[in-house]
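Reviewing the structure listed below.
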Amino acid sequence: MLSNLQNFLSLSGSEVVISLLVVLLAGMVRGFAGFGMSALIMAGLALIIPPVTLIPVCFMMETVASFMMFRGGFRMADRKVVWGLVIGTVVGTPIGLMATKAVSPDISRTIALVLILVLALLQLLRSPPAILATRKGLYGAGLTAGIASGLASVGGMVVALYVLAQQAPAARMRASLVMYLALAMMATGVWLYLSGMLNMLVLQRSLVFAPVVILGVLLGTLLFRPSLEQFYKRFCLALLMTVAMSGLIRLAVS
């Protein structure tokens, strides 16, 4: 059984176990926070599966999670905020992609992760930039997320920072993040399909990981209860800081 699974996934026995545990944890975080699954999968599995082949797997897992969570996200999300962020992201992404020709990927990713780390820390200290609460801040955050996506694939973290800066109930912030990611997945899927990155091995790994993600999302959703909502924002900011730090450490080591 295990040997068949190893061959199916093109991974060793220990790599299969680690991958399933990482995917389960990432699904639980996605179910509770509404975001962060791809970042955690990348952080946990980049040394096992090459990032270039891990990106489409993350996309497939995000698609599964979005289907599960979209109904609640659509019902409770702040749609004006979501559409403002989506519009800004659509405009900003090609700018970021063009900028990759002039800026080193490692340098651009380092700058983006440092910015995310600083902004998350400021929010944790309750000193977020005042512009984040304005309409200019809304479209600016979307534009910045698009540029960050094109340059360093961290646009979702930028959007999370903006949403978390709003004075809104935890359930609305979480729903807005869920709806944004669901819409963003559509554009990502088109790009991955045209680039030929959705190959058979990706589909095989996704087929095995999907039930684990579903279980993780269900467990994370169960944890998102009224008694724990007061910890939602701090948990999300701590998650962003942890992911940013792990990314910076990985860049420094590589």
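Within segment 1-37, being in contact with a Phe, Trp or Tyr (Cβ under 6 Å, 6 or more places away or on another chain) and aromatic (Phe, Trp, Tyr) holds for one residue alone: 32. Per the conditions (1) out of contact with any Phe, Trp or Tyr (no Cβ under 7 Å at 6 or more places or on another chain); (2) more than 15 Å from residue 69 (Cβ to Cβ); (3) surrounded by 22 or more Cβ atoms within 10 Å (Cβ to Cβ), the sole criterion not satisfied by residue 184 is (2).
In segment 83-102, is there at least one residue being at pLDDT below 75 and among the aromatic types (Phe, Trp, Tyr)? Checked against the condition, which is being at pLDDT below 75 and among the aromatic types (Phe, Trp, Tyr), segment 83-102 yields no hits at all.
Hey, any hits in segment 197-210 for a residue that's assigned to a helix (DSSP H, G or I) and closer than 24 Å to residue 92 by Cα? No: zero hits.
If you go through segment 118-141 one residue at a time, do you hit one that is surrounded by 21 or more Cβ atoms within 10 Å (Cβ to Cβ), assigned to a helix (DSSP H, G or I), at pLDDT 80 or above and β-branched (Val, Ile, Thr)? No - not one qualifying residue is present in segment 118-141.
The values are calculated or read from the model by the stated rules, or taken from the named source; none is laboratory data. Every value quoted in this text rests on a predicted model; they were computed, and no experiment measured them. Reconstructed Cβ throughout: ideal geometry from the backbone, glycine too, with neighbour counts over all protein chains shown.
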